[in-house]
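K.L.:
My questions will all concern the structure given below.
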Amino acid sequence: MGQASGSGLNGGRFLLATAVLGAGVAISQFGTNGIEQAMICFAAGIVAIVIMADLSSPAKHNPQAAAPIREPEIKPISQHRDFTSFIDGLADPVLVLTGTNVRRANSAARKLLGEYCVGEDIRLVIRHPAAADLLADPATAHEGPIQLVGIGSRDQRWEMLVRDMPGGERILHLWDRSGVYAVERMRTDFVANASHELRTPLASIKGFIETLEDKEAGDDPEIRARFLNVMFREANRMQKLIDDLISLSRIEAEKFRVPDTPVDLPELMREVQSVLRQSQPERGADIVVDIGPDLPPLRGDRAQLSQLLHNLVSNSMKYGQAGTPVTMRLRTSRNGALLRLSVSDCGEGIAPEHLPRLTERFYRVDSSRSRAIGGTGLGLSIVKHIVERHRGRLEIDSEVHKGTTITITLPADPRGPQGDAAAPAGEPALPA
């Protein structure tokens, strides 16, 4: 009897392991569709354990105490003693339905739909026409997930999947797809914005060419010179945009390769100052370099860090008030584990609602002004990706009518100046 009982329990454990393994394989192999297989595998495993537990009870293996053998009763899955703790451990909202009544809801579902959703009609809990149609007709439950918008917050998007379970119950699973849709929207917006940014100067150049083809306008030296100057400026704008797009693509392609070349950041700051003073003498004279003492070494990509400095300082020169300082400042943390680079200007500043979006591609606070001064809308996006590749952190602080400070925190070389010293202790590393 003991052997039979042990065999039954071992069989239950085996089936549970099979269910969990099957769920993992389904998700890894089928992605979103794997949720269906995962739920089915889990339910099958739970039901099988209940059956094995019944078969392994002493009454079924003791001839003297045994009752007449009957088919094991399959109980609703929600009555299994471990079911509630299992679904409460899931991050996604999961509900158990009897008909259209909510019988069980895990903590994620109660947080999303309300603490008192249990016992309510699911069509009142999830007020969505597509969900109501699916839940009202059990025959449609096998048609795959449906898309829901507006549950939780207005911008959240969900996939809802309903599956029949043994015992007459149904499991409803909600999967938050907001992040996936956000990425897809960013990709679509990027293509649309890039096309628009290229189309505008192209249309301008084409219009001036057509005008110059006119004999009267084309023979006027003054008009011809003015039009050619505009065409040259628009062509340069296109070239800069294409260069920025290529640069951004290269940085993203290398984001998982941590740069490992020694970089003298103070020297690089002075070099950027010198270049900008020569190329823009009037505004370049306002650039100030402030380098602190006892700076630890840095490893990185020198070309990318140079591009980062050029972008930040050029932005400050464009948007800061003429004649006011543009300050590049470099300091170290108390224990030398981090380098803090900041670029500050005294300008109009940026309103708080714009700050979270400044590093988005093609995002501009003032589109017309940005284009007028030659901005592509990609500068801060490039800076953000360079910082991420160097495992650093980017912070933007701005006050309207006072100015903006952009601070970049980079991890110092833990090997020290000689490349083999131990890393300083006491300050947490930056998140990767």
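K.L.:
Show the residue pairs meeting these rules: Cβ distance below 9 Å; 6+ apart or different chains; first residue within the range 314-330 and more than 20 Å from LEU265 (Cβ to Cβ); second residue acidic (Asp, Glu) and surrounded by fewer than 21 Cβ atoms within 10 Å (Cβ to Cβ).
P.N.:
Note: pairs meeting the criteria are TYR319/GLU348; GLY320/GLU348; GLN321/GLU348; ALA322/GLU282.
K.L.:
Please count how many residues of the range 102-125 are surrounded by 13 or more Cβ atoms within 10 Å (Cβ to Cβ) and either modelled with pLDDT under 85 or not aliphatic (A, V, I, L, M) (or both).
P.N.:
Residues meeting the conditions: 10.
K.L.:
Give the residues of the range 316-353 that are under 15 Å from LYS402 (Cβ atoms), assigned to a helix (DSSP H, G or I) and within 28 Å of the chain's Cα centre (by Cα), sorted by residue number.
P.N.:
Scanning the range 316-353 gives SER316, PRO352.
K.L.:
Right, next: Counting just the residues of the range 175-230 that are over 33 Å from the mean Cα position of the chain (by Cα) and of a type in the set (Asp, Glu), which one comes out nearest to SER381 (Cα to Cα)?
P.N.:
Top of the filtered list is GLU210.
K.L.:
Applying the selection to the range 287-313, what residues are touching a residue at least 60 places away in the same chain (Cβ under 8 Å) and part of a strand (DSSP E or B)?
P.N.:
LEU298, ARG299, GLY300
K.L.:
So MET160 ticks every box in (1) in a strand (DSSP E or B); (2) closer than 18 Å to LEU97 by Cβ; (3) touching an Asp or Glu at 6+ places or on another chain (Cβ under 9 Å); (4) not small (Gly, Ala, Ser) but one. Which box is left unticked?
P.N.:
(3)
K.L.:
Let me ask another. Identify, from the list MET269, MET238, the residue that is in contact with a helix residue (DSSP H, G or I) (Cβ under 6 Å, 6 or more places away or on another chain) and at pLDDT 85 or above.
P.N.:
Every option except MET238 fails the conditions.
K.L.:
ARG170 is checked against (1) in a helix (DSSP H, G or I); (2) touching a residue at least 60 places away in the same chain (Cβ under 8 Å); (3) not aromatic (Phe, Trp, Tyr) and fails just one. What number does that condition carry?
P.N.:
(1)
K.L.:
Which pairs turn up if I take residues in the range 389-410 that are assigned by TED's automatic domain parsing to the domain that holds SER316 and look for partners that are among the aromatic types (Phe, Trp, Tyr) and at pLDDT 95 or above with beta carbon separation below 6 Å, at least 6 apart in sequence or on another chain?
P.N.:
No pair meets every condition.
K.L.:
Restricting to the range 243-263, give me the number of residues that are free of Cβ contacts under 8 Å to residues at least 24 places away in the same chain and either assigned to a helix (DSSP H, G or I) or acidic (Asp, Glu) (or both).
P.N.:
Looking only at that region, the number is 5.
K.L.:
Same structure again: Quickly run through the range 355-369 and pick out the residues that are surrounded by 15 or more Cβ atoms within 10 Å (Cβ to Cβ) and out of contact with any helix residue (DSSP H, G or I) (no Cβ under 9 Å at 6 or more places or on another chain).
P.N.:
Of everything in the range 355-369, just one residue is surrounded by 15 or more Cβ atoms within 10 Å (Cβ to Cβ) and out of contact with any helix residue (DSSP H, G or I) (no Cβ under 9 Å at 6 or more places or on another chain), namely LEU355.
The values are calculated or read from the model by the stated rules, or taken from the named source; none is laboratory data. As the structure is a prediction and not an experimental result, all values here were calculated from the model. Ideal geometry is used to build each Cβ from the backbone, glycine not excepted, and the neighbour counts take in all protein chains shown.
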